[in-house]
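Visitor: One structure is given below, represented as structure tokens, and several questions about it will come after.
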Amino acid sequence: MAETAVRVRAALSGLDGRLEGVVDAGLRRARTRKAPWWVVDAVFLAAAVVDAVLDLSGATTTEITLSLVAAGALVLRRRFPVLTFALTMPGLFIGSGVVAASIALFTLGERTSRRWLMLLAAVVQFVGFSGFVVGPPQQLDEIVVSTVYALIFALGPLAIGMLVRTRAVLVDRIAELRASRAEERRRGAEVALSRERALLAREMHDVVSHQVTLIAVQAGGMQMAGRDDREREFARTIRQLCVVTLQELREMVQVLRASGGTDREMAPQPLLGDLDRLIAASGLETSVAVDLPDTLSQPVQRAVYRFVQEGLTNVRKHAPGASVRISGRLHHEQVLVDVVNGPARAERLELPGSGLGLIGLGERASLLGGRLESGPQPGDGFALHLRLPVEHVPPEVAVGAPPRG
């Protein structure tokens, strides 16, 4: 007996598990595969017609007509939900249009957001179903049962319709949110790409252009002081190649700087400690008076280095052989750096420029809260002035050269 009970219990448990699996599969299918609208409407219409036909026996012609009209009105429910509900009410009050009226009330909750209209429809449905108008109940238990069923049929379809409408709204909003996030990620990727392009353009101008210009200057000097024609021709070829390289670099920089900007820097980046090597490699007659501490923040140090580098490059391009005065100091919580050159002493080299050097320096200064000023000087000279707010870092993390006098 005990074994039989165990087997029955196991069989029932297995049957329950299989039924649960079937229900879950059906729900998943219903969520992933939405039935066509005409199939849903056909099922609703068939249910309403069956409800009307089942009560044909003993019904008058008027009741049958009103019941069939209520069922047929469901064809209009998607476009005219209020009219559909109104057409089903005579069938509910006089005929056998309970199913049609319930479907119409469901449609009203699904397709309208006017609360007063839904409340009015629920009250009418409650009155019509309870039978208080035609054949009101006489006994207390009949009144209670009629009231309970009327509440169920008045509030149930309306609540289900509102639930379906709310779910549809949430699904649309989730889809919009996903699309918005995808668009945001796409735009973020585009912005990152634009910033990298701008960063690359700045570094190409600051580093590559500087070095190629230096090569061109040295080649020009070799061309002028060559010992024989072959050596001068070799120097001339180097200089021409540098000119072509600078021109192509200018075009590439302009393409890369088409959009975007960034305040990040590529590593490693030169700091104040690299100024001496930069000035020595320039080949220009310079006087240096830079007294800046190595506790300045690295962005400020890099901006000073790039400022001096651009100033020296401009002197070699536009004022060959000119003497240059480079100074840097702290004054009233500001970093003051000046690059001033005198008139040219040699023939100007026809080297192309990107036209973006001073723009890039201005961007750097602006990002650090400072400014860049430039202008001619008496005697055919030119001056660059960089003004940045002082930003110190702790000495133990400072990177750079000791103060120079």
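Visitor: Answer yes or no as to whether Leu117 is assigned to a helix (DSSP H, G or I) and either exposed (fewer than 12 other Cβ atoms within 10 Å of the Cβ) or at pLDDT below 75 (or both).
Guide: So Leu117 fails the test.
Visitor: On the given criteria, is Gly311 at pLDDT 85 or above, crowded, with 16+ Cβ neighbours inside 10 Å and more than 18 Å from Ala280 (Cα to Cα)?
Guide: no
Visitor: May I pose another question? Which pairs have Cβ atoms under 6 Å, sit 6 or more apart or on different chains, and link a residue in region 315-344 that is of a type in the set (Ser, Thr, Tyr) to one that is not in a loop (DSSP other than H, G, I, E, B)?
Guide: Ser327/Ala289; Ser327/Asp338
Visitor: Quick check: is even one residue across region 60-68 touching a residue at least 12 places away in the same chain (Cβ under 8 Å), crowded, with 21+ Cβ neighbours inside 10 Å and either assigned by TED's automatic domain parsing to the domain that holds Pro157 or part of a helix (DSSP H, G or I) (or both)?
Guide: Yes, because at least one residue in region 60-68 is touching a residue at least 12 places away in the same chain (Cβ under 8 Å), crowded, with 21+ Cβ neighbours inside 10 Å and either assigned by TED's automatic domain parsing to the domain that holds Pro157 or part of a helix (DSSP H, G or I) (or both).
Visitor: Pick out the one residue from Gln211, Gln223, Gln138 that is outside any helix (DSSP H, G or I) and either modelled with pLDDT of 80 or more or polar (S, T, N, Q) (or both).
Guide: From the options Gln211, Gln223, Gln138, the qualifying one is Gln138.
Visitor: Another question, then. All but one of (1) more than 16 Å from Ser297 (Cβ to Cβ); (2) surrounded by 17 or more Cβ atoms within 10 Å (Cβ to Cβ); (3) under 37 Å from the mean Cα position of the chain (by Cα); (4) at pLDDT 80 or above hold for Gly342, so report the exception by its number.
Guide: That leaves (3) as the condition not met.
Visitor: Restricting region 38-48 to residues that are closer than 18 Å to Leu105 by Cβ and of a type in the set (Val, Ile, Thr), which is nearest to the chain's Cα centre (by Cα)?
Guide: Result: Val40.
The values are calculated or read from the model by the stated rules, or taken from the named source; none is laboratory data. Just so we're clear, the structure is a prediction, and the values are computed from it rather than from any experiment. Using ideal geometry, Cβ is built from the backbone for each residue, glycine included, and neighbour counts are taken over all protein chains shown.
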